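Read the structure below first, then the notes.
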Amino acid sequence: MRFNTATSPHDHSQNKLDRLMLHVVLALLPGTAALYWYFGWGVLINIVIAVAVAWISEAFILLIRQRPVFTTLKDNSALVTAWLLAIALPPLAPWWLTALGVSFAIVFAKQLYGGLGYNPFNPAMIGYVVLLISFPLEMTQWLAPVSVSGESLSLQQTMQIIFFHQLPVDGWDALSGATPLDKIKTELALLKTIPEIKTDPLFGYLGGRGWEWAGFCYLLGGLYLIYKKIISWHTPVAVLSSMLFIAFVFYLFDSEHYASPLFHIFAGGALLGAFFIATDPVSSCTSSRGKLFYGAGIGVLTYVIRTWGGYPDGIAFAVLLMNMSAPFIDYYTKPRVYGLSKQ
Amino acid sequence: MSKQLTINRGLHRFNGGIHFADEHAESTRHVIASLPIPDKLILPLKQHIGETCKPVVSVGDQVLKGQLLAESENYISAPIHAPTSGIIIAIADHEVPHPSGLTAPCIVIKTDGEDRWCEREPIPDYRSMDRSHLRNLIRNAGIVGLGGAAFPSSVKLNPGPGRTINTLIVNAAECEPYINCDDMLIRERAVEILHGVDIARYCLKVKQCKIGIEDNMPDAHAALQKAIKETGIEDIKLVVVPTRYPTGGEKQLIKVITGLEVPKDGLPADIGIVCHNVGTLYAIARAILHNEPLLSRVVTVTGKGIKQPRNVEAFFGTPLSELAKFCGGYTHDVSRLLMGGHMMGFALHSDELPLVKAANCLLAGTPDELPEPGKPKPCIRCGMCEQVCPANLLPQQLYWYAKAKEFDKTEEFNLFDCIECGCCAYVCPSEIPLVQYYRYAKAEIATKVRKREKSDIARQRFEFRKVRLEREQQEKAEQMQKRKEALRGSDDNSKQAAIQAALERVKAKKEERAKTQTE
């Protein structure tokens, strides 16, 4: 009897690229749900716009690059990029802002470098930073959590704001507000102390109201990814522990002017960044030891940018800066091969 | 398996590895069966690592069971014997189980079904024998490592001068989830395995022996414990190691049990350890105590593509189709036939190939358990390959360099420390056939080395010739010079004398010739 041949190994694990990416989206669902709970329909509309634009722009650029369209789209990597960027944007961001950011991320930061696996920078963060630098006003107009403003917008109202910029009668002021990190930055500049600032209803138990629950959900999602062996623990642990450490040192030194370590973890994009953005395999370090250095760099840089930099949150910049150093770190953190002496 | 053994404390870990679901249940349900003597046996002349054997019989010869058929003078080689009595009907090329699918020289025996032995001299009292004589007996019995590597065992029993061995490690950690021929062998023949251990210890002059056994082999563990009690053989420690592929790899098992690492480009003997597989030790015991050369082995015939998976003891040279037939034949959806496990085994294009010494498993798989390889996607640098690599390599970097044909770089990244266990390719989310890239790079480097050696030899030859010609010329010139000087430097008297002597020699010769002519 004759048989077909193939080379060993003859079996493969179930963690294939497209499923892996779907797991990441699955792990993002609790955090997305929390955001929806606190910030309303805008969160979901952003995601829909982002995913649609991501697919269209990727298909477009693949056609130009003469690469297979459907097999590439099927790997779900564009879906993840779009999703991550969408939940990082203000919930009432105008549609063109989302579309611009996502298409820049896919076309320039990903495909023009050669597509998945070849991009030196995290595409979602490139998209975010491009928007943050180009449209600072739109990017910092966050919606206050529903429980703070007491106002909840219907789906129709939200769509009118996002697509036609038709504001409700009483205008922006009732709806929008600064993010907690933003608030701390501006109020500190007005010579207030942290305990004074934190009396604002914008702040919750640990971080910002609403934000902290989203952060908690990202933490759960991240743990699920670690359990499923889709990401390794090294990066998130390094990001969070280095951030805790540096925040703790300054907090001990002067708790009136430096926010508490736990506030830093549960405010802004720290948990999202630690579990979902810093762990992007393509643009981060590969070795376990390298991931520790890489993550620690992100944690420290985020704190530095938040505290002394010009932007309220620093995750995106920190990730991009560490993306640049990833190959360098990898070079110096090669594991010791079995049987090679310890020198 | 119903219960798990408790893992020993104080063990060590090698990097990575994969824990697979157990696939043993089906094939361990029955005892080891002996395959009836097949009509024809096809014995490849090379079933081991080392030099190919040369036949010592010719077509038409009547051979007896255990009779020597082919051997080699090379130190690293293993002779081939007739597994049963019969007539040699051919010595010719035949397809052999090899990843290349090529043919190789084989001896074909038509069996007579009588299974008549040649004469034998068992040695029950081996401890009174000379060690090198024992090693020779083991070598002449054609014993090779039966765990899959097929390296001549007698070589591994001779650590050579300057190396002292302090531990014999017995490899009973069958880590590929489908293979359980060692497990079954231990369950049924533990006493003989222990005798094999004792012979190996005597040859190596070592006292301490550790048997590494995986925690999913409780029956084998119990059998060994019982046998240790029965035989009273001392200083044998059973070490239960966690079931994790590839713990059965020699280097990995040594690390798990002792915490030591075999040095790069070195041997276990360099750190005082020798490692043998249980099947090999069983064969050694048979060879010494019964003077039986290696004629057969236990092989696991399994997979969803076979109707009655089980372990079978069969003669070398048995066509694999006979094994499949004996185990109920194939199911209708069988799609791939492997020699070895699903991680390191290689696919066979036909089942008309003979069973060889290295074959520990015949795995007939369905598309469901051995899926067709998926289309490779771009590497996303996730580093999962690195997390599972038991040699601590950077599989992903090796892949890039192999793909870019930067072979110097692959060597710099320790390509040759890759044991091709397949863990990296198994976990790669992009389904890149990583191991295939490494094999390619290794082959390219080997070709380059061979070419370099060839050109080196040619150049050496050329240079030697040049030197030789120059030297000859110089010698000639020197001689001439010497002669000239002898003539010039001497005084007139001696010159005259020399001329006189020459003339006299000529005169004497002439006279002699005249004399002979007249006679």
The residue from B:Leu503, B:Leu415 that alone is outside the structural domain of B:Glu174 (by TED's automatic domain parsing) and within 25 Å of B:Phe346 (Cα to Cα) is B:Leu415
Mind listing just one residue for me: the one in the range A:310-333 that is of a type in the set (Gly, Ala, Ser) and surrounded by fewer than 21 Cβ atoms within 10 Å (Cβ to Cβ) and, of those, nearest to A:Asp182 (Cα to Cα)? A:Gly310
Tell me yes or no: at least one residue of the range A:282-295 is under 19 Å from the mean Cα position of the chain (by Cα), within 14 Å of chain B (Cβ to nearest Cβ) and without any contact (Cβ under 8 Å) to a residue 12 or more places away in the chain. no
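To keep it simple, each residue is scored yes or no on (1) farther than 16 Å from B:Pro99 by Cα; (2) more than 23 Å from the chain's Cα centre (by Cα); (3) open to solvent by 10 Å² or more (accessible area, probe 1.4 Å); (4) not β-branched (Val, Ile, Thr).
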position: B:Phe316; (1), (2), (3), (4): yes, no, no, yes
position: B:Phe346; (1), (2), (3), (4): no, no, yes, yes
position: B:Cys361; (1), (2), (3), (4): no, no, no, yes
position: B:Ile380; (1), (2), (3), (4): yes, yes, no, no
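Sort out for me the helices (runs of 4 or more DSSP H) sitting completely within the range B:368-468 that have 1 or more residues that are within 24 Å of A:Tyr294 (Cβ to Cβ) and within 8 Å of another protein chain (Cβ to nearest Cβ).
B:384-388, B:395-403, B:423-427
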Quick one: count up the residues across the range B:385-415 that are open to solvent by 40 Å² or more (accessible area, probe 1.4 Å), in contact (Cβ under 8 Å) with a residue 24 or more places away in the chain and farther than 24 Å from B:Arg244 by Cβ. 4
Flag if A:Thr307 is among the polar types (S, T, N, Q), more than 14 Å from chain B (Cβ to nearest Cβ), within 25 Å of A:Glu187 (Cα to Cα) and buried (at least 24 other Cβ atoms within 10 Å of the Cβ): no
Has the range B:36-55 got any residue that is out of contact with any strand residue (DSSP E or B) (no Cβ under 8 Å at 6 or more places or on another chain), of a type in the set (A, V, I, L, M, F, W, C), open to solvent by 70 Å² or more (accessible area, probe 1.4 Å) and away from chain A (no Cβ under 14 Å)? no
Go through the range A:141-163 and report how many residues are under 30 Å from A:Met322 (Cα atoms) and either open to solvent by 50 Å² or more (accessible area, probe 1.4 Å) or without any contact (Cβ under 8 Å) to a residue 12 or more places away in the chain (or both). 1
Filtering the range A:233-267 for residues that are surrounded by fewer than 19 Cβ atoms within 10 Å (Cβ to Cβ), under 27 Å from B:Gln387 (Cα atoms) and small (Gly, Ala, Ser) leaves a count of 1
Note: among B:Ser85, B:Ser58, B:Ser77, B:Ser100, just one is open to solvent by less than 80 Å² (accessible area, probe 1.4 Å) and free of Cβ contacts under 8 Å to residues at least 24 places away in the same chain, namely B:Ser100
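Considering only the range A:27-46, I want to know if a residue exists there that is within 25 Å of A:Trp95 (Cβ to Cβ), assigned to a helix (DSSP H, G or I), within 14 Å of chain B (Cβ to nearest Cβ) and in contact with a Leu (Cβ under 8 Å, 6 or more places away or on another chain).
The answer is no; no qualifying residue exists.
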For the range A:61-152, please list each of the helices (runs of 4 or more DSSP H) lying entirely inside it that holds at least 3 residues being over 23 Å from A:Pro312 (Cβ atoms). A:70-73, A:77-88, A:95-104
Could you check the range B:488-518 and list, in sequence order, the residues that are modelled with pLDDT of 80 or more and of a type in the set (Lys, Arg)? B:Arg505, B:Lys507, B:Lys509, B:Lys510, B:Arg513, B:Lys515
Of (1) within 14 Å of another protein chain (Cβ to nearest Cβ); (2) touching a residue at least 40 places away in the same chain (Cβ under 8 Å); (3) surrounded by fewer than 18 Cβ atoms within 10 Å (Cβ to Cβ), A:Arg336 satisfies every one except (2)
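Out of the residues in the range B:430-465 meeting the condition of being of a type in the set (Ser, Thr, Tyr) and surrounded by fewer than 17 Cβ atoms within 10 Å (Cβ to Cβ), tell me which one is nearest to B:Ala347 (Cα to Cα). I'd like the intermediate steps shown before the answer.
At the first step, the residues of the range B:430-465 found to be of a type in the set (Ser, Thr, Tyr) are B:430, B:437-438, B:440, B:447, B:455.
Pick out the ones that are also surrounded by fewer than 17 Cβ atoms within 10 Å (Cβ to Cβ) and you get B:440, B:447, B:455.
Values: B:Tyr440: 17, B:Thr447: 24, B:Ser455: 36 Å.
Here the residue is B:Tyr440.
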For the range B:254-266, give me each residue that is within 11 Å of another protein chain (Cβ to nearest Cβ) and open to solvent by 10 Å² or more (accessible area, probe 1.4 Å). B:Lys255, B:Leu260, B:Glu261, B:Pro263, B:Lys264, B:Asp265, B:Gly266
Filter result (without any contact (Cβ under 8 Å) to a residue 60 or more places away in the chain and out of contact with any Leu (no Cβ under 7 Å at 6 or more places or on another chain)) within the range A:212-241: A:Leu223, A:Ile226, A:Tyr227, A:Ser232, A:Trp233, A:Pro236, A:Val237, A:Leu240, A:Ser241
Please enumerate the residues belonging to the range B:300-314 that are surrounded by 24 or more Cβ atoms within 10 Å (Cβ to Cβ) and in contact (Cβ under 8 Å) with a residue 60 or more places away in the chain. B:Thr300, B:Val301, B:Thr302, B:Gly303, B:Gly305, B:Pro309, B:Asn311, B:Val312, B:Ala314
Qualifying position, being surrounded by fewer than 21 Cβ atoms within 10 Å (Cβ to Cβ) and at pLDDT 95 or above, among A:Trp83, A:Trp55, A:Trp41, A:Trp37: A:Trp55
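The values are calculated or read from the model by the stated rules, or taken from the named source; none is laboratory data. A quick note: this is a predicted structure, and the numbers were derived from the prediction, not measured. When we count neighbours, we look across all protein chains shown, and the Cβ atoms used for this are built from the backbone with ideal geometry, even at glycine. Note: areas computed on protein heavy atoms with side chains; ligands, DNA, RNA excluded. Shrake-Rupley method; radii C 1.70, N 1.55, O 1.52, S 1.80 Å.
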